[in-house]
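Structure record follows, encoded as structure tokens.
The values are calculated or read from the model by the stated rules, or taken from the named source; none is laboratory data. Computed from a predicted model, the values in this text were never measured in an experiment. Methodologically, a virtual Cβ is constructed for each residue, glycine included, from the backbone with ideal geometry; neighbour enumeration extends over all protein chains shown. Only protein heavy atoms, including side chains, enter the accessible area calculation; ligands, DNA and RNA are left aside. Shrake-Rupley method; radii C 1.70, N 1.55, O 1.52, S 1.80 Å.
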Amino acid sequence: MSVPIWGLRGQDMFRNPSSLHRKILISMVALILLLGLTTVVVTRTILSNVLRTEFKSKGLNQAKSIAANSVIDVLTQNTPRLKKLVDNEKNSDPSIAYIFVADSSYHIMAHTFNAGFPTDLSGANYLEREKAYNIQTLDTQRGFIFDIAVPIFSENSLLGQVHLGMLQNGIQKTITVINL
């Protein structure tokens with residue numbers, strides 16, 4: 001009795017079916033793990049970008065509010081009232097690292113630094129006249145900070161600038177909490 005060659009191969013495969021099942025199972029588990037890992041990485045990246053965008057938007061709105069509320073004080077050179085305004089705003093939000101207001105000559109009128117205004121910061125994010133705002137990331141001793149510069153206008157006259165520094169630590173904490 002003769003057995004065709006292809007029949008022998010088929011019989012060999014059916015003699016040890018567990019090795020084929022094992023290979024398929026291992027392949028499927030590896031594929032599922034790879035898909036899960038990819039999903040985590042993509043989700044974390046998207047979440048991080050969305051949080052950064054929302055964080056910048058929040059800081060920009062706060063800086064614009066301070067600029068709008070400081071017009072009269074900048075015009076009248078009322079530095080005590082400006083100091084109170086920036087201190088109150090900084091104390092209301094723990095993610096704010098600093099706030100300072102400069103006049104059109106870039107003379108610092110008010111700031112929230114306890115140990116005096118840091119000279120390194122004065123030229124870090126200068127806002128050009130034609131821009132509505134400027135956001136720059138600064139690497140500081142306290143970590144990365146978004147420095148948000150907004151102009152102070154009275155009609156069409158540029159009176160000065162508000163700079164608001166937002167700590168990025170809050171973004172990282174939120175991402176860490178969500179990942180757990």
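Of all residues in region 102-122, none satisfies being out of contact with any His (no Cβ under 7 Å at 6 or more places or on another chain), under 21 Å from Lys58 (Cα atoms), at pLDDT 85 or above and open to solvent by 60 Å² or more (accessible area, probe 1.4 Å). The set of residues in region 99-124 that are out of contact with any helix residue (DSSP H, G or I) (no Cβ under 9 Å at 6 or more places or on another chain) and of a type in the set (S, T, N, Q) comprises Ser105, Asn114, Thr119, Ser122. Condition check: hydrophobic (A, V, I, L, M, F, W, C), in contact with a Phe, Trp or Tyr (Cβ under 6 Å, 6 or more places away or on another chain), open to solvent by less than 100 Å² (accessible area, probe 1.4 Å) and under 22 Å from Thr53 (Cβ atoms). Does Ile145 satisfy that? No. Among residues of region 123-140 that are more than 15 Å from Val162 (Cα to Cα), those with a Cβ under 8 angstrom from a residue that is of a type in the set (D, E, K, R) and surrounded by 12 or more Cβ atoms within 10 Å (Cβ to Cβ), sequence gap 6+ or separate chain, pair up as Thr137/Asp147; Leu138/Asp147. Within region 49-71, residues that are in a helix (DSSP H, G or I) reach partners that are open to solvent by 80 Å² or more (accessible area, probe 1.4 Å) with beta carbons closer than 7 Å, at six or more positions or on different chains, in the pairs Leu60/Tyr133.
Quick check: is even one residue across region 77-93 within 14 Å of Ile145 (Cβ to Cβ) and hydroxyl-bearing (Ser, Thr, Tyr)? Scanning region 77-93 turns up no residue that is within 14 Å of Ile145 (Cβ to Cβ) and hydroxyl-bearing (Ser, Thr, Tyr).
Out of everything in region 141-180 that is more than 12 Å from the chain's Cα centre (by Cα), in contact (Cβ under 8 Å) with a residue 24 or more places away in the chain and outside any strand (DSSP E or B), what residue ends up being farthest from Ser57 (Cα to Cα)? This residue is Asn179.
Restricted to region 77-93, and to residues there that are free of Cβ contacts under 8 Å to residues at least 24 places away in the same chain and within 21 Å of the chain's Cα centre (by Cα), the residue that is least open to solvent (accessible area, probe 1.4 Å) is Lys90.
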